[in-house]
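The next block holds one structure in the form of structure tokens; read it before the comments.
The values are calculated or read from the model by the stated rules, or taken from the named source; none is laboratory data. Keep in mind that this is a model prediction, so the values were computed, not measured. Glycine gets a Cβ as well: all are built from the backbone with ideal geometry, and neighbour counts include every protein chain shown. Protein only, heavy atoms only, side chains kept; ligands, DNA and RNA dropped before computing areas. Shrake-Rupley method; radii C 1.70, N 1.55, O 1.52, S 1.80 Å.
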Amino acid sequence: MKQNFARITGLGYYVPETVVTNHDLEKHMDTSDQWIRERSGIVTRRFYTEGKDTVSLMGARAAEVALSRAGLKPEDIDFIIFATLSPDYNFPGSGVLVQKHLPFRNIGALDVRTQCTGFVYGISIADQFIRTGMYKNILVIGAEIQTNIFEMSNRNRDFAVLFGDGAAAAVVQHTHDEHRRILSTHLHSDGHYAEDLMLEHPGSNLKDRMSSKIVEEGKHLPFMKGNAVFKHAVTRFPEVIMEALDANQLSIKDLNLLVPHQANLRISEHVQKTLGLSDEQVYNNIQKYGNTTAASIPLAFAEAWEEGRVKEGDLICLAAFGSGFTWASALLRW
Ligand code: COA
């Protein structure tokens, strides 16, 4: 009997229309265009519009593009995987809400909560469901509204300058093609660093999930030990990329394109240098969108595809690091 494999057959994205520059941020906090560009490479990011954009709606808009590029209709999808750290509601998840926007059948919908690695975790889950023969067509969405999580103020400026809003999606389909497919996925986490990049409240640990004390202390805002994140990221990215290549007896020179999670251009450049990758082998678009967390990899992947940077037979590596800490990679032959 022929083996089941999975491949990505369509990519799409949606970004909100409001473009916010570094100079715009200067009006709200002590920062500068120069500081932001030098430390992160970011020039602009998108801000969502209240009443027009929601995380599930943005995900649905991205999904429509991915579905049409895959030549499928929502009715053809067997399972929805929705990666986000900023769901529409505390519960239910945004996966089920996508079903209100597009005419899916009553299929299963799963939210993934691994932040920046959410999309790669989602691709891995989709790959496994398809390999076992359970499903044929799976939609993996990464979407975030983060520009209302942080405060446009000095106490949250480290976060406010880095993050943006956006959504992107991939259609993962069954194939018997042994060559053009998802080759392998590799997932990791280390919860000892959970508090180094987190948003604590409203959580379930305190009787008063939200209080004026929490707000005064800024505990409702995201917290990040920037240096610790940076240090771990530049170690874990190369590790998990090499793990994927080694697992398939391939090497750096075989790689046509690395699509790293767009955390910070300096991190991507560090990883590129460590692995000896050329500029042609790495795709970055953080300059335009900032860090869009779960949306960042599919957003970069979809843009790379639109620009003709992804060709038939190319070896592509998706790699991510983020809050948890979690890190992950997916190696695929396009
Ligand atoms: N504008 C201007 N100055 C700022 C600032 C901002 N937005 N945010 C922080 N600063 C200040 C700091 O207060 C500090 O001032 P001090 O020296 O007077 O104390 C100074 O800039 C340097 O801060 P530091 O944190 O050492 O800078 P850095 O070179 O480490 O860069 C990050 C900070 C956040 C850009 C960097 O640590 C980073 O990219 N970390 C990884 C972040 C990331 O990728 N997170 C998402 C992971 S998925």
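Being open to solvent by less than 30 Å² (accessible area, probe 1.4 Å) and charged (D, E, K, R), is that true of even one residue in the range 298-308?
Yes.
Does LEU250 satisfy the criteria of being at pLDDT 95 or above, open to solvent by 30 Å² or more (accessible area, probe 1.4 Å) and among the aliphatic types (A, V, I, L, M)?
yes
Inside the range 130-153, can you point out the residues that are within 16 Å of the ligand (Cβ to nearest atom), within 19 Å of the chain's Cα centre (by Cα) and open to solvent by 20 Å² or more (accessible area, probe 1.4 Å)?
Correct list: ILE149 only.
Under 6 Å between Cβ atoms, which residue pairs at least 6 apart in sequence (or on different chains) link something in the range 224-239 that is over 14 Å from LYS273 (Cβ atoms) with a partner that is part of a helix (DSSP H, G or I) and near the ligand (Cβ under 8 Å from one of its atoms)?
Pairs that qualify, where the first residue is over 14 Å from LYS273 (Cβ atoms) and the partner is part of a helix (DSSP H, G or I) and near the ligand (Cβ under 8 Å from one of its atoms), are GLY226/ASP158.
Out of ASP127, ASP177, ASP196, ASP158, which single residue is in contact (Cβ under 8 Å) with a residue 40 or more places away in the chain and open to solvent by less than 10 Å² (accessible area, probe 1.4 Å)?
ASP127
State all residues of the range 7-32 that are within 16 Å of the ligand (Cβ to nearest atom) and in contact with a helix residue (DSSP H, G or I) (Cβ under 9 Å, 6 or more places away or on another chain); if no residue qualifies, say none.
Matches in the range 7-32: THR21, ASN22, HIS23, LEU25, GLU26, HIS28, MET29, ASP30, THR31, SER32.
Any residue at all in the range 201-221 that's in contact with a strand residue (DSSP E or B) (Cβ under 9 Å, 6 or more places away or on another chain) and either surrounded by 13 or more Cβ atoms within 10 Å (Cβ to Cβ) or not assigned by TED's automatic domain parsing to the domain that holds SER323 (or both)?
Within the range 201-221, none of the residues are in contact with a strand residue (DSSP E or B) (Cβ under 9 Å, 6 or more places away or on another chain) and either surrounded by 13 or more Cβ atoms within 10 Å (Cβ to Cβ) or not assigned by TED's automatic domain parsing to the domain that holds SER323 (or both).
Filter the range 217-250 for residues that are small (Gly, Ala, Ser) and assigned to a helix (DSSP H, G or I); which is nearest to ASN154 (Cα to Cα)?
By that ranking, first place goes to GLY226.
One residue is enough: does the range 182-191 have a residue meeting the conditions open to solvent by 60 Å² or more (accessible area, probe 1.4 Å), at pLDDT 95 or above and more than 24 Å from GLY95 (Cβ to Cβ)?
no
Would you check which residues across the range 154-176 are within 11 Å of the ligand (Cβ to nearest atom), over 17 Å from MET58 (Cβ atoms) and not aliphatic (A, V, I, L, M) and list them?
Matches in the range 154-176: ASN154, ARG155, ASN156, ARG157, ASP158, PHE159.
LYS100 versus (1) more than 22 Å from GLU200 (Cβ to Cβ); (2) surrounded by fewer than 18 Cβ atoms within 10 Å (Cβ to Cβ); (3) touching a residue at least 60 places away in the same chain (Cβ under 8 Å): which is the lone unmet condition?
(3)
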